[in-house]
Structures are given as C-alpha cells and as structure tokens.
Amino acid sequence: MRHRRKVAKLSMRSDRRRSVLSGQAKDLILYGKVDTTPARARATQALAERLVTWARRGDQAAQRMAFSVLRDKEATDKLFTEIGPRYRERDGGYTRLLKLGPRHGDGAEMARLTWV
C-alpha cells in the first residue's frame, strides 16, 4: 500500500524530476544555498534531509546510496566529511526554507534553501 507516500511531481516526468532535485541537492551541498521556487525547494529539502541522515550514519552503504543520488564524488565527499559530522547531535531539521520576493523575469515566487 502507498499510504502517506505522496510525491511532489512538479509537472515533470520522473527521470527529469530526479535529475533536477539531484542537481539542486548537489548545489546545496557544494555552495550552501539554493534559490528556487517554493515547490522545488520543499522537494529538494526532503531529499537533502535524507542525504544528511545517511551522512550521519557514515558507513559504506550510506556513501553508496548518497553517490547514487548525487552522482558527484566531490559533493558526496563534502557531505560525509563536513556536513554529516556538523549535524551529528541534531535529530532532524537540517535545512531552512526562507521565502524571497517574486522573480524579476516572470514574477514567480522564490524561496532560498539553506543549512541551519
């Protein structure tokens, strides 16, 4: 059964959605923040929280799962050497979502995803 397993589809096919969210999570890890729409930020936030939980575990299987999502060795290394140990004592809520003003080009609402 799929009870309580809702996925934000973001008007994309699953392969494109997975790629967009993976890229945004990689940018969050490498640069510390991501500016995007609120819906994409919430979906990326869920993925980033899961990645940090794996990084807190720190074992080989967790590294392989994180690499399969991120597909970037540099981002995976930074996740497991810097970000995971930083949140070792925290039980969740590793990211913060801040609302920004509308985007200049098309007026879309914007949000910034950062680490706590």
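Some points to look at:
- G84 meets the conditions (1) in a helix (DSSP H, G or I); (2) over 20 Å from V7 (Cα atoms); (3) in contact with a Leu (Cβ under 6 Å, 6 or more places away or on another chain) in every case but one. The failed one is (3).
- Conditions (1) modelled with pLDDT under 95; (2) surrounded by fewer than 13 Cβ atoms within 10 Å (Cβ to Cβ); (3) not polar (S, T, N, Q): number failed by A61: (1)
- Entry remark, the stretch 88-116: residues being over 21 Å from R18 (Cβ atoms), touching a residue at least 60 places away in the same chain (Cβ under 8 Å), among the hydrophobic types (A, V, I, L, M, F, W, C) and in a strand (DSSP E or B) number 3 in total.
- Near pairs, Cβ below 7 angstrom, 6+ apart or cross-chain, from the stretch 53-73 (under 16 Å from I29 (Cα atoms)) to any residue that is hydroxyl-bearing (S, T, Y) and outside any helix (DSSP H, G or I): R56/Y87
- Of the criteria (1) over 21 Å from E109 (Cα atoms); (2) among the aliphatic types (A, V, I, L, M); (3) touching a helix residue (DSSP H, G or I) at 6+ places or on another chain (Cβ under 6 Å), which one A43 fails: (1)
- Within the stretch 75-87, residues that are over 9 Å from R56 (Cβ atoms) and of a type in the set (F, W, Y) sit with their Cβ atoms under 7 Å from residues that are buried (at least 21 other Cβ atoms within 10 Å of the Cβ) and modelled with pLDDT of 95 or more, at 6+ positions apart or across chains, in these pairs: F80/A55.
- Qualifying residue in the stretch 25-34 (condition: at pLDDT 95 or above, assigned to a strand (DSSP E or B) and closer than 21 Å to A8 by Cβ): yes
- Per this entry, E74 is not counted among residues that are at pLDDT 95 or above, within 15 Å of W115 (Cα to Cα) and surrounded by fewer than 18 Cβ atoms within 10 Å (Cβ to Cβ).
The values are calculated or read from the model by the stated rules, or taken from the named source; none is laboratory data. Keep in mind that this is a model prediction, so the values were computed, not measured. Using ideal geometry, Cβ is built from the backbone for each residue, glycine included, and neighbour counts are taken over all protein chains shown.
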